[in-house]
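Chemist: Below you will find the structure I want to go over with you.
What follows is calculated from the coordinates using simple rules that are stated; it is not laboratory data. Remember, predicted model here, so these are calculated numbers, not experimental data. Reconstructed Cβ throughout: ideal geometry from the backbone, glycine too, with neighbour counts over all protein chains shown.
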Protein chains: 2
Amino acid sequence: MEILSENRSHGGRQLVVKHASAATGTKMTFSIFLPPQAESGPCPVVWYLSGLTCSHANVTEKGEYRAACAEHGLIFVAPDTSPRGEEVPDGEGYDFGKGAGFYVDATQAPWSQHFHMWTYVTQELPALIAAEYPVDMGRQAITGHSMGGHGALTVALRHPDRFRSVSAFAPIVAPSQVPWGQKALGGYLGNDRAAWRKHDAVALIEDGARVPELLVDVGTADNFLEQELRPALLERACADAGIALTLNRREGYDHSYYFISTFMADHLAWHAERLRA
Amino acid sequence: MEILSENRSHGGRQLVVKHASAATGTKMTFSIFLPPQAESGPCPVVWYLSGLTCSHANVTEKGEYRAACAEHGLIFVAPDTSPRGEEVPDGEGYDFGKGAGFYVDATQAPWSQHFHMWTYVTQELPALIAAEYPVDMGRQAITGHSMGGHGALTVALRHPDRFRSVSAFAPIVAPSQVPWGQKALGGYLGNDRAAWRKHDAVALIEDGARVPELLVDVGTADNFLEQELRPALLERACADAGIALTLNRREGYDHSYYFISTFMADHLAWHAERLRA
């Protein structure tokens, strides 16, 4: 583990850390915010999975989460979105390959060598965080943006006992049914669509996966709303499954961090309430 | 005027605007946040002057000011720190030339052709903002960071009737006495140190300029504290002049936006109180 930077902020410590990952076979970088409360004992943790083209840095710089984390005593961890480095193959376009790991373990060459983001965010990184930082692993929440909203939903639906709460900002809710998801799942997992269902929130719910409730915010001026995000598909799946979905359609907001940062404090307060319970 | 971007955020509108500047003879870019209250009438304005190497973008992305501006109904304007473009000469190092205008009107060739940031931030941009946006120009406040803290202090000290309040984050308080300032003031204004005094907050106070009070935050882990910022010089000048200085030395904080964003809401609340009065 190499600490790339450490800055005092909002009474706590914002770290950026690089480490060798067995899951991806590369170095991986994440950020972690330790609130002031972490000086005196374990704190609950919120995982934040980022969207296409992003690294840990976008939310760390623009997410405006530290004030709320300091208020509620939350540790906030932001992993990268893919393996990086010269040895890692890249895809065509911003939506496949580096910066676009889609939180799956690729089975298709050449991606299957390094693109193991599912194992990284569900196993390796949690183990490392639990070992190195004062985290109460009995109190975990997860959220994310866009591709990372997809990641948060699928990770939570497949680990219902691990997370006390799950939310998302402008998530891709049904990747099997939209261009970004079809490109990524097809590329990483191949053409057998049965394998895609474990990485598709709507399909997981249709197949019986459950969480008690979901909080989702999406902007009405989001350019990707109709073609890639399709929140109505999640609305229908949750209604059919009896999952209490709070879906906030935010008038005039777009897909950017100007949107995310606006509602970050609301999401963190919502998670904090459930993490305290 | 060309709107480069517009994003809804925290209930208001974050704009980035490019315009032709007569003061600098170049295109200039600034950002302006219009809080929700600006939809229904004029709002007070807070000017934010940025530090070395920065443009409007740093504070716009990392400053965490929008939540507080939306709460208090403040318009927030962030100019660039120098003229830009191929026609603009650049200096040696990050601390002179582009990104380092130091909020003076240069008198020395070749800088005197474009580096007129004093006129730009004190005359041209305020006139443009007053004409184009719903600003109550009777209620203005100013703040800034590092070189921009120097700018905020000197602009306010020389316009005591214009600003109801002035604060700064890690300001250069006495540029005539520190390396950054000596390089910049010498380069832009020449070797006649008498001309420097109008661009040196401590010298201005010594020469009789007055504001009723000042709010300054600085981090104890700021790498530039002892050599470039020297807040004790401001402390002494204010004590001698009867200016009520609140100087907060923040334990463990550095020079970065992790520091600024931590105390931004405090500064904006302090300004809002004085702008409401």
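Chemist: For A:Val104, indicate whether it is surrounded by 24 or more Cβ atoms within 10 Å (Cβ to Cβ) and either aliphatic (A, V, I, L, M) or closer than 23 Å to A:Trp196 by Cβ (or both). Working first, answer last.
Modeler: Details: surrounded by 24 or more Cβ atoms within 10 Å (Cβ to Cβ): yes; either aliphatic (A, V, I, L, M) or closer than 23 Å to A:Trp196 by Cβ (or both): yes.
It is true that A:Val104 is surrounded by 24 or more Cβ atoms within 10 Å (Cβ to Cβ) and either aliphatic (A, V, I, L, M) or closer than 23 Å to A:Trp196 by Cβ (or both).
Chemist: Applying the selection to the range B:258-269, what residues are more than 10 Å from chain A (Cβ to nearest Cβ) and of a type outside the set (A, V, I, L, M)? I'd like the intermediate steps shown before the answer.
Modeler: First pass over the range B:258-269, keeping only residues more than 10 Å from chain A (Cβ to nearest Cβ): B:266-269.
B:Asp266, B:His267 - these are the residues of the range B:258-269 that are more than 10 Å from chain A (Cβ to nearest Cβ) and of a type outside the set (A, V, I, L, M).
Chemist: Let me ask something additional. Just checking, which of A:Ala272, A:Ala232 is in contact with a His (Cβ under 8 Å, 6 or more places away or on another chain), away from every other protein chain (no Cβ under 14 Å), assigned to a helix (DSSP H, G or I) and under 29 Å from B:Gln14 (Cα atoms)? Steps first, please.
Modeler: On the way: A:Ala232 fails: in contact with a His (Cβ under 8 Å, 6 or more places away or on another chain).
The conditions single out A:Ala272.
Chemist: Kindly provide the set of residues from the range B:65-84 that are surrounded by 24 or more Cβ atoms within 10 Å (Cβ to Cβ), assigned to a loop (DSSP other than H, G, I, E, B) and not aromatic (Phe, Trp, Tyr), ordered by number.
Modeler: B:Leu74, B:Asp80, B:Thr81, B:Ser82, B:Pro83
Chemist: Would you point out the residue of the range A:94-117, among those that are among the aliphatic types (A, V, I, L, M) and touching a strand residue (DSSP E or B) at 6+ places or on another chain (Cβ under 9 Å), that is nearest to A:Thr26 (Cα to Cα)? Write out each step before concluding.
Modeler: Looking only at the range A:94-117, we keep the residues that are among the aliphatic types (A, V, I, L, M), and these are A:100, A:104, A:106, A:109, A:117.
Within this subset, residues satisfying the condition of being touching a strand residue (DSSP E or B) at 6+ places or on another chain (Cβ under 9 Å) are A:104, A:106, A:117.
Details: A:Val104: 16, A:Ala106: 15, A:Met117: 11 Å.
Per the stated criteria, the residue is A:Met117.
Quick grid of which residues meet (1) of a type outside the set (A, V, I, L, M); (2) within 14 Å of chain A (Cβ to nearest Cβ):
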{"site": "B:Ala194", "(1), (2)": "no, no"}
{"site": "B:Val202", "(1), (2)": "no, no"}
{"site": "B:Gly219", "(1), (2)": "yes, yes"}
{"site": "B:Phe224", "(1), (2)": "yes, no"}
{"site": "B:Gln227", "(1), (2)": "yes, no"}
{"site": "B:Ala237", "(1), (2)": "no, no"}
{"site": "B:Leu245", "(1), (2)": "no, no"}
{"site": "B:Ser256", "(1), (2)": "yes, yes"}
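Chemist: Please go through the range A:1-45 and pick out each residue that is assigned to a loop (DSSP other than H, G, I, E, B), within 14 Å of another protein chain (Cβ to nearest Cβ) and in contact with a Ser or Thr (Cβ under 7 Å, 6 or more places away or on another chain). Before the answer, list the steps.
Modeler: At the first step, the residues of the range A:1-45 found to be assigned to a loop (DSSP other than H, G, I, E, B) are A:1, A:10-11, A:21-26, A:35, A:40-42.
Narrowing the set further to residues that are within 14 Å of another protein chain (Cβ to nearest Cβ) leaves A:10-11, A:35.
Passing the criteria: only A:His10.
Chemist: A:Glu87: within 14 Å of chain B (Cβ to nearest Cβ), out of contact with any strand residue (DSSP E or B) (no Cβ under 8 Å at 6 or more places or on another chain), in a loop (DSSP other than H, G, I, E, B) and not hydroxyl-bearing (Ser, Thr, Tyr), yes or no? Walk me through how you get there before you give the answer.
Modeler: Values: within 14 Å of chain B (Cβ to nearest Cβ): no; out of contact with any strand residue (DSSP E or B) (no Cβ under 8 Å at 6 or more places or on another chain): yes; in a loop (DSSP other than H, G, I, E, B): yes; not hydroxyl-bearing (Ser, Thr, Tyr): yes.
So A:Glu87 does not fit the description; no.
Chemist: Now, a different point. When you go through (1) under 30 Å from A:Ser261 (Cα atoms); (2) surrounded by 18 or more Cβ atoms within 10 Å (Cβ to Cβ); (3) touching a Gly at 6+ places or on another chain (Cβ under 8 Å) one by one for B:Gly252, which number turns out not to apply?
Modeler: (2)
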